[in-house]
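Have a look at the structure below before the remarks.
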Amino acid sequence: MSIKIEGFEKFVALGKDNADAIAKSGAATVKAFEEISKAQQAVVAKNVEKADAVVKAIFAVKSPAEFADLQGKLARESIEAAIADSRKLAELTTAAFTAAFEPISARFAAFQALTKHAA
């Protein structure tokens, strides 16, 4: 004997779709953390190399005027690099959060459409 409850299939499908959306969101979150971590590691590696070059350049200075010029150049380069790196990481983070929340947002939109249709 089979009992059919009206709307039960839609309810089950809604639950399955929600579970799929959560799984996709979780996978996107893991991928996003991996990408952000790789980008941060690249920044750290670049900064270590830059620090090594800076130390060598400072020890090669032969006069106070040359030191002052080098100091100004290094400060300017450091600020520009920090701004560029911060911008890149911010863009990466924004894209990652957007990708992670997109499946959930789609489910909210589908649920809203379902409730509007039912009303």
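The values are calculated or read from the model by the stated rules, or taken from the named source; none is laboratory data. None of these values were measured; they are calculated from a predicted model. Cβ: placed from backbone, ideal geometry, glycine included. Neighbour counts: every protein chain shown. Ligands, DNA and RNA are excluded from the accessible area calculation, which covers all protein heavy atoms including side chains. Shrake-Rupley method; radii C 1.70, N 1.55, O 1.52, S 1.80 Å.
Distance between the 7 Å Cα→Cβ label points at ILE104 and PHE67: 5.4 nm. For the chain, the solvent-accessible area with a 1.4 angstrom probe is 79 square angstrom per residue.
Would you please give the FRET efficiency between THR115 and ILE22, computed as 1/(1 + (r/R0)^6) with r the Cβ-Cβ distance and R0 = 22 Å, to the nearest 0.05?
Working: r = 20 Å, r/R0 = 0.89.
Efficiency, from the Cβ-Cβ distance: 0.65.
For the chain, the fraction of 1.4 Å probe accessible surface lying on carbon and sulfur atoms is 66 percent. The solvent-accessible area of SER25, taken with every protein chain present and a 1.4 Å probe, is close to 20 Å².
Taking a ≥ b ≥ c as the square roots of the eigenvalues of the alpha carbon gyration tensor, region 36-99 is oblate, as a/c is not under 1.5 and a/b does not beat b/c. Just from its helices, what would the mean residue ellipticity at 222 nm be for the chain, if runs of 4 or more DSSP H residues each count -39500 (n - 2.57) and the sum is divided by every residue, rounded to the nearest 500 deg cm²/dmol? One gets -34000 deg cm²/dmol as the mean residue ellipticity at 222 nm.
Can you tell me the length gained on complete extension of the stretch GLN40 to LYS10, counting 0.36 nm per residue apart and subtracting the Cα distance?
Values: separation 30, 0.36 × 30 = 10.80 nm, distance 4.42 nm.
Net length gain for the segment: 6.4 nm.
Net charge near ASP85: determine it from the other residues with C-beta under 14 Å of the C-beta of ASP85, scoring Lys and Arg +1 and Asp and Glu -1.
Values: positive: LYS38, LYS46, LYS50, ARG87, LYS88; negative: GLU49, GLU77, GLU80, GLU91.
It works out to a net charge of +1.
Given the alternatives [x] 0.98; [y] 1.01; [z] 1.40, Rg/Rh (Cα atoms, Kirkwood Rh) as computed for this entry is given by [z].
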